[in-house]
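Novice: The structure's right below; bear with me while I get my questions together.
The values are calculated or read from the model by the stated rules, or taken from the named source; none is laboratory data. The model shown is predicted, which means the values in this text are computed figures rather than measured ones. Cβ placement follows ideal geometry from the backbone for every residue including glycine, while neighbour counts extend to all protein chains displayed. Note: accessible area is taken over every heavy atom of the protein model, side chains too, but ligands, DNA and RNA are not part of it. Shrake-Rupley method; radii C 1.70, N 1.55, O 1.52, S 1.80 Å.
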Amino acid sequence: MGPTRKPNVCRRLSRRALGCFSRDAGVVQRTNLGILRALVCQESTKFKNVWTTHSRSPIAYERGRIYFDNYRRCVSSVASEPRKLYEMPKCSKSEKIEDALLWECPVGDILPSSSDYKSSLIALTAHNWLLRISATTGKILEKIYLAPYCKFRYLSWDTPQEVIAVKSAQNRGSAVARQAGIQQPVLLYLAVFRVLPFSLVGILEINKKIFGNVTDATLSHGILIVMYSSGLVRLYSFQTIAEQFMQQKLDLGCACRWGGTTGTVGEAPFGIPCNIKITDLPPLLFEVSSLENAFQIGGHPWHYIITPNKRKQKGVFHICALKDNCLAKNGIQEMDCCSLESDWIYFHPDASGRIIHVGPNQVKVLKLTEIENNSFQHQISEDFVILANRENNKNENVLTVTASGRVVKKSFNLLDDDPEQETFKIVDYEDELDLLSVVAVTQIDAEGKAHLDFHCNEYGTLLKSIPLVESWDVTYSHEVYFDRDLVLHIEQKPNRVFSCYVYQMVCNTAEEEETINRSC
């Protein structure tokens, strides 16, 4: 355990008022967030359920905004009680928003319009329009028609806040064609754009004639990731592919002649032609085989995590060096647990190079370090462990009385994710306050009760625990967000009923204020 020195909020506020800071541009912001962290974690601070709502359509949350009705209605959660920011006009089913990303203004870039310096929602509609919507008013600022030849469905960041990838639904072909054994050569399309101002990089087709029996493909940090049903994962450079196989450079809003048809790029009905068609297999950067295509890259220096491609190896994770595929020392991580739900592992999002391994009753934070006297090899060791609050006894004894009156004692082992024991369900990281948030659930009688714990990201020390007032059904789908002074719980119940519970930080509850007034 590390030092537990408590920060003095009054001293920090006094120094801020006097301007006692270094010349580092971010020190004021870091000081403010340090003050907020101290307030969040102090014992007298409570999180109060200030708003609860229900919806028949999915509910999404992003940076202080709650979205309803397929992103058509936006509610701000920043105020003491959520308030509506905007509501877009009703639309037909073909015009509904299928996916969206929140874009925030980059620092240091000169943008063409003053409105571009405010946050925008980049949205993909069911009829293939890519929209840029004001995040505060709901006004459509830009619109691009993608294409008539496929159905685009998914949005993701290739490079966060800079480059987006729009992925189409997979082309399975018609039922008649499948019965006849006719395979569609193009599995899916990837449209790549630089954002604000929107500029087209290109539309790439993933062709089975080139890549083989592909099951899926995606784009991340300039790398084309291609996955196969066998568990094989292959990586290619998207920049190399674009330079080598781009048939014609296209500019949005400009006239274009393509395949005997003339139109304006990005406008209906012409759209954007597929201008990157791979005719030969591009240079392979890396390949690996992993169970269910599970593959992650991270750490310092670069390492990757896979599960050996065998069903009996599920729950076993190998951590290997990217440069030479060598297994790190202690690089085989397997959590000693018996549970219905498998454990999961990922690189820590705080860019420390650490690894988080989550099981039903423990959260391990692992660190990657050089082996002494051998800088070419690295080892995995525990940084700290967070344990669930439960009894150590895993065995339960059941007494049975036979017909003859003999007492028989039977012993059986409890599962590690037994609902009557505290079980970890969600682990997340609040980057601005540098806190790990852990959701733990215990089944009490007929209903489950959950609490959200805040742990020091450096040492794992428990700093704060917040009980959630609503019951927690482990059979439902749950999302929990911790964002500065806000906690938000989204729950999906059967028959597509979605519930949203909003908690705000308060220093005194109404009961405490009433007690103070009475004592006065």
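Novice: Return the distance in nm (one decimal) between the two label points of a simple spin-label model at Tyr117 and Ser471, each offset 7 Å from Cα along Cα→Cβ.
Specialist: My value for the distance between the label points is 5.2 nm.
Novice: Could you calculate the contour length gain from His300 to Leu285, that is, 0.36 nm times the residue separation minus the distance between their Cα atoms, to one decimal place in nm?
Specialist: Extending this stretch completely gives an extra 3.5 nm.
Novice: To continue, here is another question. Suppose every K and R has +1 on its Cβ and every D and E has -1 on its Cβ; what is the size of the dipole of the stretch 91-282 about the Cα centre, in Debye to the nearest 20?
Specialist: Dipole about the Cα centre, nearest 20: 640 debye.
Novice: Moving to a separate point now. Please give the per residue accessible area of the stretch 91-282, computed with a probe of 1.4 Å over protein heavy atoms only, in Å².
Specialist: Using a 1.4 Å probe on heavy atoms only, each residue of the stretch 91-282 averages 47 Å².
Novice: Now a separate question. When the accessible area of the stretch 299-387 is computed with all protein chains present and a 1.4 Å probe, what percentage of it is carbon and sulfur?
Specialist: Taking all protein chains in place, the stretch 299-387 shows 50 percent carbon and sulfur surface.
Novice: Once you've got the Cα coordinates, tell me which of Lys367/Lys425; Lys96/Lys493; Lys167/Lys449; Lys310/Lys367 are over 30 Å apart.
Specialist: The pairs that break the limit, which is 30 Å between Cα atoms, are Lys167/Lys449.
Novice: Taking Lys139 as the anchor, which aspartates and glutamates have their alpha carbon closer than 12 Å to its alpha carbon, excluding any fewer than eight residues away along the same chain?
Specialist: Within reach: Glu87.
Novice: Of Gly222, Leu101, Cys256, whose Cα points farthest to the positive end of the dipole of the stretch 91-282 (charges on the beta-carbon: +1 Lys, Arg; -1 Asp, Glu; origin at the Cα centre)?
Specialist: Cys256
Novice: Heavy atoms only, 1.4 Å probe, whole protein assembly: order Ile110, Ile272 by accessible area, highest first.
Specialist: Ile110, Ile272
Novice: If you don't mind, there's one more thing I want to ask. If I stretch the segment between Lys139 and Glu458 completely, what's the gain in nm (0.36 nm per residue apart, minus their alpha carbon distance), one decimal?
Specialist: Gain on stretching Lys139 to Glu458: 110.6 nm.
Novice: Which value, in debye to the nearest 20, gives the size of the charge dipole of the stretch 32-157 about its Cα centre, when Lys and Arg are +1 and Asp and Glu are -1 at the Cβ?
Specialist: Once rounded to the nearest 20, the dipole reads 420 debye.
Novice: Shape verdict for the stretch 232-294, please, from the Cα gyration tensor: rounded (a/c under 1.5), prolate (a/b greater than b/c) or oblate.
Specialist: Prolate.
Novice: Under a point-charge model restricted to the Cβ atoms of Lys and Arg (+1) and Asp and Glu (-1), what is the dipole moment magnitude of the stretch 299-387 relative to its Cα centre, in debye to the nearest 20?
Specialist: 360
Novice: Could you calculate the contour length gain from Asn325 to His451, that is, 0.36 nm times the residue separation minus the distance between their Cα atoms, to one decimal place in nm?
Specialist: Between Asn325 and His451, full extension yields 41.3 nm more.
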